[in-house]
Amino acid sequence: MENQLITWGEFEKVEMRVGTIIEVNDFPEARKPAYQLTVDFGAEIGIRKSSAQITKRYNKEDLLDKQIIAVVNFPKKQIGKFMSECLVLGSVGEDNDIVLLTSDINVENGLRIG
């Protein structure tokens with residue numbers, strides 16, 4: 001894939017925020033193994049749900065209280081009976097092995113990445 005340059009203004013439109021995972025559930029209806037995550041993005045944005053295909057590397061207990069980075073200004077996406085309200089970000093390795101993008105120091109939920 002060729003790198004496509006974007007403008008600073010286009011980048012600023014993407015709202016990446018820090019959130020804390022407060023609930024993790026199995027998602028057996030998903031076509032590929034995934035969890036249903038509930039993420040707290042603080043008072044301004046609130047609680048959002050997301051589906052994440054991260055079952056290869058993470059178990060549910062390890063995800064609770066973990067701070068992650070997510071895009072919060074995409075339209076909602078219906079995944080089966082589940083409504084995903086944000087996109088949790090991670091690096092994608094071979095065989096869809098995803099490593100979550102996180103903060104190495106706990107910060108306030110809702111802080112913008114820039």
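The values are calculated or read from the model by the stated rules, or taken from the named source; none is laboratory data. Being a predicted model, the structure only gives us computed values, none of them experimental. Glycine also receives a Cβ, built like all others from the backbone with ideal geometry; neighbour counts cover every protein chain displayed.
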Would you pick out the residues in the range 1-32 that are farther than 13 Å from Val71 by Cβ, more than 14 Å from the chain's Cα centre (by Cα) and not charged (D, E, K, R)?
Met1, Asn3, Gln4, Leu5, Ile6, Thr7, Trp8, Gly9, Asn25, Phe27, Pro28, Ala30
Enumeration of residues in the range 68-114 that are modelled with pLDDT of 95 or more, of a type in the set (S, T, N, Q) and out of contact with any strand residue (DSSP E or B) (no Cβ under 7 Å at 6 or more places or on another chain):
Asn73
Could you list, in sequence order, the residues of the range 58-86 that are surrounded by 13 or more Cβ atoms within 10 Å (Cβ to Cβ), in a loop (DSSP other than H, G, I, E, B) and basic (Lys, Arg)?
Lys66
Among (1) surrounded by 12 or more Cβ atoms within 10 Å (Cβ to Cβ); (2) on the phi < 0 side of the Ramachandran plot; (3) of a type in the set (Gly, Ala, Ser), the one test that Ser91 misses
(1)
Please work out if Arg48 is assigned to a strand (DSSP E or B), surrounded by 12 or more Cβ atoms within 10 Å (Cβ to Cβ) and of a type in the set (Lys, Arg).
yes
I need a count of the residues in the range 25-45 that are touching a strand residue (DSSP E or B) at 6+ places or on another chain (Cβ under 8 Å) and either of a type in the set (A, V, I, L, M, F, W, C) or closer than 22 Å to Gly114 by Cα (or both).
9
Looking at the range 17-39 only, could you name the residues that are of a type outside the set (Ser, Thr, Tyr), assigned to a strand (DSSP E or B) and surrounded by fewer than 18 Cβ atoms within 10 Å (Cβ to Cβ)?
Ile22, Glu23, Asn25, Asp26
